[in-house]
1. May I ask you to compute the full-extension gain from ASN58 to THR27, defined as 0.36 nm times their residue separation minus their alpha-carbon distance, rounded to one decimal in nm?
2. Grab the other residues whose beta carbon is less than 13 angstrom from that of GLU86, score K and R as +1, D and E as -1, and report the net.
3. Straight-line reach from LYS90: which lysines have a Cα under 23 Å away, not including same-chain ones fewer than 8 places off?
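Bear in mind these aren't lab numbers, they're just calculated from the coordinates by the rules spelled out. Just so it is clear, the model here is predicted, and its values are computed rather than measured. Here Cβ is always computed from backbone atoms with ideal geometry, including for glycine, and neighbour counts include all displayed protein chains.
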Amino acid sequence: MKFKKTMFLLTLFILMLEFSSYVLACTGVIVGKGLTTDGSYIFGRNEDFTAEPDHNKNFVVYERGKNQPGAIFKDESNGFTYPIPETRYKYT
């Protein structure tokens, strides 16, 4: 009787492992302003994809500023040009 119970539990355990799903969960980090030297907040997360490595997210906030009047953006790879506005807006 003990052998049958052991075999039943072992079979049940193997079936549970067989039908369990593989979980890929993202990891998030939030650091408050009291924990950074400059008082800024830091938000971060990664994506646990196995197909392609390095899906970590890095967001940088660029402050509003002034560009040089008459400046032109030029893409060296294809020669595309575009006039840059004098005011640069805050963006992420």
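1. So the extension gain works out to 9.8 nm.
2. It works out to a net charge of +3.
3. Correct list for LYS90: LYS33, LYS57, LYS66, LYS74.
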